[in-house]
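Engineer: My questions all concern the structure below.
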Amino acid sequence: MNMQAILKQAQAMQKDMMKAKEEIDNKEFIGESSLVKVTVKGTKELIKVEISADTLDSDDIEALQDMIVVAINDANKKIDDLTEKKLGKYSNIPGLF
């Protein structure tokens, strides 16, 4: 394979990677725990927190805080999973990440 063909292949791969990353960045992920639902962009920017409990009293605040953490971490894990699925095939190429 000549050098020009290798460079062309690398450019095509880079374009595919950028497209996949853009798709992930623009997608919204929802993380959930029992009383909390969060929406996070693929950039891991928190967009929305929804609390779905009408009967929440002040004693439940600490539990609610823990549930928010769980929901956000759930959404972030979904982002990481999709990133690995779409971009993992490129991880063995030195210098790309």
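Engineer: In terms of Cα to Cα distance under 19 Å, which lysines are near enough to Lys78, apart from those fewer than 8 places away along the same chain?
Structural biologist: Lys19, Lys21, Lys27, Lys37, Lys41, Lys44, Lys48, Lys86, Lys89
Engineer: Compute the acute angle (0 to 90°) between the alpha-carbon long axis of helix 61-87 and the principal axis of greatest extent of the alpha-carbon atoms of the chain; round to the nearest 10°.
Structural biologist: Tilt of helix 61-87: around 20 degrees.
Engineer: Could you list Ser33, Ser91 in order of exposure, starting from the residue whose Cβ has the fewest other Cβ atoms within 10 Å?
Structural biologist: Ser91, Ser33
Engineer: While we're here: For the chain, what is the relative contact order in percent, using Cα pairs closer than 8 Å and at least 6 residues apart in sequence?
Structural biologist: Value for the chain: 27 percent.
Engineer: Another one. To the nearest 10 degrees, how steeply does helix 3-26 sit against the main Cα axis of the chain, on a 0 to 90 scale?
Structural biologist: Helix 3-26 sits roughly 10 degrees off the main axis of the chain.
Engineer: Among Ala63, Ser52, Met17, which residue has its Cα furthest toward the positive end of the charge dipole of the stretch 3-90, with +1 on Lys/Arg Cβ and -1 on Asp/Glu Cβ?
Structural biologist: The residue sitting most towards the positive pole is Met17.
Engineer: What are the ³J(HN,Hα) values, in whole Hz, obtained from phi via the Karplus relation 6.51 cos²θ - 1.76 cosθ + 1.60 with θ = phi - 60°, for each residue of the stretch 31-37 in sequence order, with x given for Gly and Pro?
Structural biologist: With coefficients 6.51, -1.76 and 1.60, one gets x, 9, 10, 4, 10, 10, 10 Hz.
Engineer: Calculated from DSSP H runs of 4 or more alone, at -39500 (n - 2.57) each and per residue, what is the 222 nm mean residue ellipticity of the chain, nearest 500?
Structural biologist: Result for the chain, helices only: -18500 deg cm²/dmol.
Engineer: If you don't mind, another one. When a footprinting reagent is the concern and you count Cβ atoms within 10 Å, what order do Glu22, Glu32 take, fewest first?
Structural biologist: Placing the least packed residue first, the sequence is Glu22, Glu32.
Each value in this text was obtained by applying a stated rule to the coordinates, not by laboratory testing. Every value quoted in this text rests on a predicted model; they were computed, and no experiment measured them. Glycine also receives a Cβ, built like all others from the backbone with ideal geometry; neighbour counts cover every protein chain displayed.
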